[in-house]
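No lab work stands behind these numbers, since they all come straight from the coordinates. From a predicted model like this one, the values you see are computed outputs, not experimental measurements. Quick reminder, even Gly has a Cβ in these numbers, built from the backbone with ideal geometry, and neighbours come from all protein chains shown.
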Amino acid sequence: MITMWDVYWITRLNGILIAAWVLFFLCVLFPIIFLAIYDCEYSREPKQRKLNFFKKAMWLWVGALMFLFIALLIPTTKKAVAIYMIPKIANNEQVQKLPDNALKFLNGKFEAWIADMTEKGKE
């Protein structure tokens with residue numbers, strides 16, 4: 001049984017996905033930008049200070065890998081609905097008894113979703 005809470009989180013998947021990608025790029029870009037500034041401003045600093053900077057940058061890159069992993073595993077809202085609904089529809093006895101016209105309509109919708117997903121995957 002699907003609850004309202006499940007529907008809420010399914011609709012929020014795209015937002016979570018976008019947030020994970022943004023955080024990934026920020027975690028990658030900040031150390032690069034700070035490294036460029038650091039080399040220009042503090043190139044004569046002791047090695048210990050440079051080592052501390054690289055340790056902090058490494059933590060940001062670890063965070064970037066974590067956000068990349070999250071972004072790659074979260075499906076879009078359409079994909080999550082398809083993952084949830086296709087087995088329910090395929091295994092439902094009432095749906096299997098529907099007239100041919102209704103099945104053709106559902107097949108057309110699923111084919112449109114699949115075509116839409118593959119077009120977005122190619123971009």
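A few notes on this one:
- Backbone N under 19 Å from the V81 label point (7 Å along Cα→Cβ), restricted to the stretch 1-24: 1-18
- Neighbour-count order for I89, I74, I114, I33, fewest beta carbons within 10 angstrom listed first: I33, I114, I89, I74
- Chain lengthening between E111 and F34 when straightened (0.36 nm per residue, less Cα-Cα): 23.0 nm
- Additional length obtainable on full extension of the chain from Y8 to F69, 0.36 nm per residue less Cα span: 19.7 nm
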